[in-house]
Amino acid sequence: MDMPVPNAAVIAKKEHVVARLAEVLGEGAVIHDPAETRAYECDALAAYRCPPMAAVLPGSTAEVAAVLRICHEEGVPVVPRGSGTSLAGGAMPTADSVILGVARLNRVLEVDYDNRVIRVEAGRTNLSVTGAVEADGFFYAPDPSSQLACAIAGNIAMNSGGAHCLKYGVTTNNLLGVTLVTMDGTVVEIGGAYMDAGGYDWLGVICGSEGQLGVVTEATLRILPRPEGARPVLMGFDSSEVAGACVADIIKAGVLPVAIEFMDRPCIRATEAFAGAGYPDCEALLIVEVEGSPAEIDEQLGLIKQIARRHDPVELRESGSEAESAAIWKGRKSAFGAMGQLGDYMCLDGTIPVSALPHVLRRIGEMSAEFGLGVANVFHAGDGNMHPLILFDANTPGDLERCEAFGAAILKLCVEVGGCLTGEHGVGIEKRDLMGVQFDPVDLEAQMRVKDVFDPGWLLNPAKVFPLEASAGRRAG
Amino acid sequence: MMRPGTEAELAEAVAAAAGPLRILGGGTRPVGRPVEGEALSVAGLSGVVLYEPGALTLVVRAGTPLEEVERVLAGEGQRLAFEPMDHRVLLGGSGVPTIGGVVAGNVSGPRRVQAGACRDSLIGVRFVDGRGAVIRNGGRVMKNVTGYDLVKLMAGSRGTLGVLSEVAFKLLPVPESVATVTLHGADGARAFEAMTRAMKSPFEVSGAAWLPGKGEVHLRLEGFAGSVAYRAGRLRALLAGPGEVTVETGAEANARLWRAIRDVEALAGHAFVWRVSMAPGAMRAGLRADLDRTARFDRVVDWAGGLCWIGMTEAQAADYAPRFGAADAVAGAIRFHRDLQAEMADPELGGGHATLVKGPEALRAAVPVFQPELAPLAALARGLRAQFDPRGILNPGLMG
């Protein structure tokens, strides 16, 4: 992975920059000992590492603004970091950068049930947002699988999704306001507890901008009343094509499940060996979950089962209790852990039109043979967001490179059939150099112009999102 | 009027433009400050590009009439979830609303409270920027975080950053059944309490409106028949208190009622109309504040109290004017507009936005039609326009 050559002039004034940062934050909030900065050398894309020059942990919006103002004046790149769970290298440092961690910003500022919003500091973890309101019967809908650890700041940066976004949308659909600090230290208040302001959709463009337009320190999020209940049905099929057709029929029938999850045979076998969830041994498995009162759930599941029967399922198992629901979800939820037992894997995140599912699954199978690497598929079928897991051995020379080439080939296939490179993980450094597959230079230029407006010096989260050669002129300037 | 028939011709027209352009779809939503410029209509770019009912996605050229889009979707039992209003009812005019115009204004109706705004259903755009370059963003899949989200930036930018040529949506199935639970005889306090209670329930209310003129609070439920009946019963019990509660289950009657709310029919005869977006709690307090006591106006409240349409007749505006030494109805409306936007800017009230939606050109030219943004955002907005439209030719001045 190419990264820009670190700016020697910046590294040369490390002591000076650290002293200035310590002056506004206190010594304890500035980490600069090389033994300690290693803790920030990578995120969840652990194959790539580089310790930052320093890391800071501000405790307020004013401190974030002070840090950015100093770094702006000194020309020091800043890499914002939530909890460091990015699978795309979104918080990967450069050697001349300061990591700005928002972990200390984790308070709930206001809960307002009448307006159905919560205002939190952005370092708060996703699950603990729901934790703050669940006793009163509310929840925060976006539920990335890292939700126990991941921060709202990172969710906003990557516009994170989750298993339930078929019904509730992703982060951008549940975000009503932010406090944003731009690279020059300006604090900008955007939105609030109300909907749809009259000016430009600032929230829309900030959400998913991978921390390159500003640092979000506070967020107003929509919370929803918890449904009366939820229950899944599990169905197994002889082929992925049939499972895909069943998904399309369910959607067309007017049912709106909260989740439609898909697993293929390699993934089913791995999770069975790992978690023993009692899944049928078949080519493709769907878990479809619906919500409502017991009677409403019965009505919807009845219709779904009726549709499934038209596709000759080898298994059709409706949950009748909390315990059975948990058993059905057990395998799916442990899928990534199960795959980890088999060795190293790379998790992809392309999205495809649901209609292209059978074709794409077949091609991935063929490519698996061509590249000589195993692959398992587990994904959100309702919205076409795939997660092929490519198995490799990090200790075998050349395996990582082969795996990356295979991954790139799959993502190109996703784009070819009308999809995209990433559905919920973000571009980061991981898919940066593939952006040219999906976008023409003029499309990327338009996006980079937005960054020019927010961060003219291109100091914020460098070397992410855009291919290095596309951004070279701007970064140099 | 220029009326290109293809995206390439549109790009050529923008690139070759010698001066300001006034971008039009069907010309049915003349909201914003009047624009001096040569008219450029996108209506010639029409037709469905791709429709996959099984994937709930539609790609359509920006000039396609909204009616045609809705007809095509209805054929497969699907629809645009965000229920865009028809501005002709409120603003008059005889043009044909286009889907591009809907997106340019981020036009969203009562279902906004449940299904999101236009921008939430929008998953892809193609547009021509002020240099004449064709730019793509997003795509035709529901989940996409590849690169910056210019899709949402284009929604509601009213042709000031680019001219839309193609738009893509995610869709929803038309539910089997609909019912409206109506609370009668509701004053402001009771109405807000009822709407808030309904929205805090798990019964998935897809529309919550208060018509103060009639004293009615309408709460809409949609879904499978059994589920709608169940939730209507629960909601009815939830509203127990002062005022009769009735339930309407007729498809036609429901369509008529929610169309009237969506299109703000109650204010169609008013000369001046504002659209106010606030948190429901703030709206409830705001409506009781000074403005309410000194001015006479009519309103329609939607989005569970988050959206308030305020209408003033000529007579009401003329009545407001003399208190401030203003001469006539337009002067009264100007004064009212300024008071309203000042109230929105008051942080004590929790923030909000007031937009002048309807008024004569003289009024729209005299005031900031949209709520003025705070200085840092206004600077960013200028920066974006300079990047996307360096010559300043796309609907210049429309958004202030």
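Quick notes
- Residue match in segment A:121-128 (condition: in a helix (DSSP H, G or I), free of Cβ contacts under 8 Å to residues at least 60 places away in the same chain and polar (S, T, N, Q)): yes
- Condition check for A:Val437: at the interface with chain B (Cβ under 7 Å from one of its Cβ atoms), within 20 Å of B:Arg136 (Cβ to Cβ), free of Cβ contacts under 8 Å to residues at least 60 places away in the same chain and β-branched (Val, Ile, Thr): no
- Residue match in segment B:132-152 (condition: touching a residue at least 40 places away in the same chain (Cβ under 8 Å), within 20 Å of B:Glu9 (Cβ to Cβ) and at the interface with another protein chain (Cβ under 10 Å from one of its Cβ atoms)): yes
- Exactly one residue out of A:Pro280, A:Pro257, A:Pro313 is in contact with a strand residue (DSSP E or B) (Cβ under 8 Å, 6 or more places away or on another chain), surrounded by fewer than 19 Cβ atoms within 10 Å (Cβ to Cβ) and in a loop (DSSP other than H, G, I, E, B), and it is A:Pro280.
- In segment B:311-369, the residues that are acidic (Asp, Glu) and more than 21 Å from B:Ala268 (Cβ to Cβ): B:Asp328, B:Asp339, B:Glu343, B:Asp346, B:Glu348
- Qualifying residue in segment B:4-20 (condition: out of contact with any Cys (no Cβ under 8 Å at 6 or more places or on another chain), modelled with pLDDT under 95, under 21 Å from B:Pro65 (Cβ atoms) and of a type in the set (A, V, I, L, M)): no
- Near pairs, Cβ below 6 angstrom, 6+ apart or cross-chain, from segment A:414-428 (more than 7 Å from every other protein chain (Cβ to nearest Cβ)) to any residue that is surrounded by fewer than 24 Cβ atoms within 10 Å (Cβ to Cβ) and not in a loop (DSSP other than H, G, I, E, B): A:Val415/A:Val437; A:Val417/A:Ala356
- With a requirement of 1 or more residues that are within 11 Å of chain A (Cβ to nearest Cβ), more than 20 Å from the chain's Cα centre (by Cα) and within 18 Å of B:Val102 (Cα to Cα), the strands (runs of 3 or more DSSP E) lying completely within segment B:21-80 that satisfy it span B:57-61.
- If the condition is being more than 24 Å from B:Thr160 (Cβ to Cβ), in contact with a helix residue (DSSP H, G or I) (Cβ under 6 Å, 6 or more places away or on another chain) and at the interface with another protein chain (Cβ under 9 Å from one of its Cβ atoms), then segment A:174-195 contributes only A:Val187.
- Scanning segment B:100-150 for residues that are out of contact with any Leu (no Cβ under 7 Å at 6 or more places or on another chain), of a type in the set (Val, Ile, Thr) and within 23 Å of B:Arg382 (Cβ to Cβ) turns up just one, B:Ile135.
- Condition check for B:Val49: free of Cβ contacts under 8 Å to residues at least 60 places away in the same chain and more than 24 Å from A:Trp202 (Cβ to Cβ): no
- Residue in segment B:264-278 that is at pLDDT 90 or above, touching an Asp or Glu at 6+ places or on another chain (Cβ under 7 Å) and within 14 Å of chain A (Cβ to nearest Cβ) present: yes
- Condition check for A:Val133: over 21 Å from A:Ile206 (Cα atoms), surrounded by 19 or more Cβ atoms within 10 Å (Cβ to Cβ) and within 14 Å of chain B (Cβ to nearest Cβ): yes
- Residue in segment B:98-108 that is touching a residue at least 12 places away in the same chain (Cβ under 8 Å), under 26 Å from B:Arg220 (Cβ atoms) and within 9 Å of chain A (Cβ to nearest Cβ) present: yes
- Against the numbered list (1) assigned to a helix (DSSP H, G or I); (2) surrounded by fewer than 21 Cβ atoms within 10 Å (Cβ to Cβ); (3) free of Cβ contacts under 8 Å to residues at least 24 places away in the same chain; (4) more than 24 Å from the chain's Cα centre (by Cα), B:Arg323 comes up short only at (3).
- A:Arg49 meets all of the listed conditions (1) in contact with a Lys or Arg (Cβ under 9 Å, 6 or more places away or on another chain); (2) crowded, with 19+ Cβ neighbours inside 10 Å but one, namely (2).
- Selected residue (criterion: farthest from B:Glu373 (Cα to Cα)) from residues of segment A:180-190 that are within 23 Å of the chain's Cα centre (by Cα) and surrounded by 23 or more Cβ atoms within 10 Å (Cβ to Cβ): A:Val181
- Total residues in segment B:249-276, condition assigned to a loop (DSSP other than H, G, I, E, B) and either farther than 17 Å from B:Gly92 by Cβ or in contact with a Pro (Cβ under 8 Å, 6 or more places away or on another chain) (or both): 3
- If the condition is being within 19 Å of A:Ile190 (Cβ to Cβ) and at pLDDT 85 or above, then segment B:347-359 contributes B:Gly352, B:His353, B:Ala354, B:Thr355.
- Checking B:Asp298 against (1) touching a Pro at 6+ places or on another chain (Cβ under 7 Å); (2) within 21 Å of B:Pro110 (Cα to Cα); (3) more than 14 Å from every other protein chain (Cβ to nearest Cβ); (4) charged (D, E, K, R), the condition it does not meet: (1)
- Scanning segment A:222-232 for residues that are part of a strand (DSSP E or B) and either among the charged types (D, E, K, R) or surrounded by fewer than 24 Cβ atoms within 10 Å (Cβ to Cβ) (or both) gives A:Arg222, A:Leu224, A:Pro225, A:Ala230, A:Arg231.
- Those strands (runs of 3 or more DSSP E) lying entirely in segment B:114-214 with at least 2 residues of a type outside the set (A, V, I, L, M), touching a Gly at 6+ places or on another chain (Cβ under 9 Å) and over 19 Å from A:Trp202 (Cβ atoms): B:163-170, B:177-183, B:205-211
- Residue pairs whose Cβ atoms lie under 7 Å apart, sitting 6 or more positions apart in sequence or on different chains, and linking a residue in segment A:1-27 that is farther than 14 Å from A:Met53 by Cα to a partner that is among the acidic types (Asp, Glu), are A:Val24/A:Glu63; A:Leu25/A:Glu63.
- Among the criteria (1) surrounded by fewer than 22 Cβ atoms within 10 Å (Cβ to Cβ); (2) not in a strand (DSSP E or B), the one B:Met283 does not fulfil is (1).
- Here the condition is being within 21 Å of the chain's Cα centre (by Cα) and of a type in the set (A, V, I, L, M, F, W, C); of A:Phe454, A:Phe439, it holds for A:Phe439 alone.
Results for (1) in a loop (DSSP other than H, G, I, E, B); (2) within 21 Å of the chain's Cα centre (by Cα); (3) over 24 Å from B:Val107 (Cβ atoms); (4) more than 9 Å from chain A (Cβ to nearest Cβ), shown as yes or no for each residue.
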residue: B:Gln341; (1), (2), (3), (4): no, yes, no, yes
residue: B:Leu363; (1), (2), (3), (4): no, yes, no, yes
residue: B:Arg385; (1), (2), (3), (4): no, no, no, yes
residue: B:Gly400; (1), (2), (3), (4): yes, yes, no, no
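- Taking the numbered list (1) surrounded by fewer than 21 Cβ atoms within 10 Å (Cβ to Cβ); (2) touching a Phe, Trp or Tyr at 6+ places or on another chain (Cβ under 7 Å); (3) within 9 Å of chain B (Cβ to nearest Cβ); (4) not hydrophobic (A, V, I, L, M, F, W, C) in turn, A:Gly198 passes all entries but (1).
The values are calculated or read from the model by the stated rules, or taken from the named source; none is laboratory data. Keep in mind it's a predicted model, so treat the numbers as computed, not measured. Here Cβ is always computed from backbone atoms with ideal geometry, including for glycine, and neighbour counts include all displayed protein chains.
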